[in-house]
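Heads up, the thing below is written out as structure tokens.
The values are calculated or read from the model by the stated rules, or taken from the named source; none is laboratory data. Here the structure is a predicted model, which means the values were calculated and not measured. Note that each Cβ is placed from the backbone with ideal geometry, even for glycine, and that neighbours are counted across all protein chains shown. In case anyone asks, the SASA skips ligands and DNA or RNA and just uses the protein heavy atoms, side chains included. Shrake-Rupley method; radii C 1.70, N 1.55, O 1.52, S 1.80 Å.
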Amino acid sequence: MANFPSVSVDYGVRKASKPKNRKIVFGDGYEMRFAEGLNNNPKIYNVTFGNISQTQSDTIEDFLDARAADADAFGWTPPEESAGKFVCEGWSKTIPYKDRATIKATFRQVFEP
């Protein structure tokens, strides 16, 4: 497993949770809920690497392209959080000025050995 390149992410990261739970609703309105699996609450991060150099953006893009090709997870540490394993759901790159770029990406936490 490779680790994400050491490029600082902009603050304002959006973190989302969507726990996987099962629900059974009975005819009288009684409801039972239970967690589905051990790691049923993966986090999803929408991150921005803003105003970075063209070289840094190429490094990030090359890294993400390689992960797309080998379908492998990567190590990453979200701001103010613990390190984990992630996959990138998609990304976009904007080039607002000469030799500057912004990359926006979605990282989804995965649980694997």
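Using just its DSSP H runs of length 4 or more, each adding -39500 (n - 2.57), the chain gives a mean residue ellipticity at 222 nm of -5000 deg cm²/dmol after division by all residues. For region 60-67, 3J(HN,Hα) computed residue by residue from phi via the Karplus equation (6.51, -1.76, 1.60; θ = phi - 60°) reads 5, 4, 4, 4, 5, 4, 5, 5 Hz, glycine and proline entered as x.
Can you give the longest stretch of the chain with no exposed loop site, where a site means trypsin sites (Lys or Arg not before Pro) in a DSSP loop (not H, G, I, E or B) with at most 15 other C-beta atoms within 10 Å? That would be 21-97. Per residue, the chain exposes 66 Å² of accessible surface when a 1.4 Å probe is rolled over the protein heavy atoms with every protein chain present.
Of the chymotrypsin sites (Phe, Trp or Tyr not before Pro) found in region 8-113, those that fall in a DSSP loop while having at most 10 other beta-carbon atoms within 10 Å are Tyr11, Phe26, Tyr30. Expressed as a whole percent, the accessible surface of the chain that belongs to carbon and sulfur atoms is 48, based on a 1.4 Å probe. For the chain, the Cβ-based charge dipole about the Cα centre amounts to some 400 debye (Lys, Arg positive; Asp, Glu negative; other atoms uncharged).
Taking GluC sites (Glu not before Pro) across region 28-63, the ones in a DSSP loop with at most 16 further Cβ atoms lying within 10 angstrom of their Cβ are Glu36. Given the chain, what percent of its DSSP beta bridges are antiparallel, to the nearest 5? The answer is about 95 percent antiparallel.
Which of the pairs Lys15/Lys98; Lys18/Lys93; Lys20/Lys104; Lys15/Lys104; Lys23/Lys85; Lys18/Lys43 have their Cα atoms more than 19 Å apart in this structure? Among Lys15/Lys98; Lys18/Lys93; Lys20/Lys104; Lys15/Lys104; Lys23/Lys85; Lys18/Lys43, the Cα-Cα distance tops 19 Å for Lys15/Lys98; Lys18/Lys93; Lys20/Lys104; Lys23/Lys85.
Among (1) 9.2; (2) 8.3; (3) 7.5, which is the computed mean projected area of the Cα convex hull in nm²? Computed from the coordinates, mean projected area of the Cα convex hull in nm² corresponds to (1). Dimensions of region 68-113 along the principal axes, based on C-alpha atoms and rounded to the nearest Å, stand at 42, 29, 13, largest first. Under 1.5 on a/c is rounded, so check that first for region 1-56, then, if it is not, pick prolate when a/b is larger than b/c and oblate when it is not; a ≥ b ≥ c are the square roots of the alpha carbon gyration tensor eigenvalues. Since a/c reaches 1.5 and a/b is larger than b/c, the shape of region 1-56 is classed as prolate.
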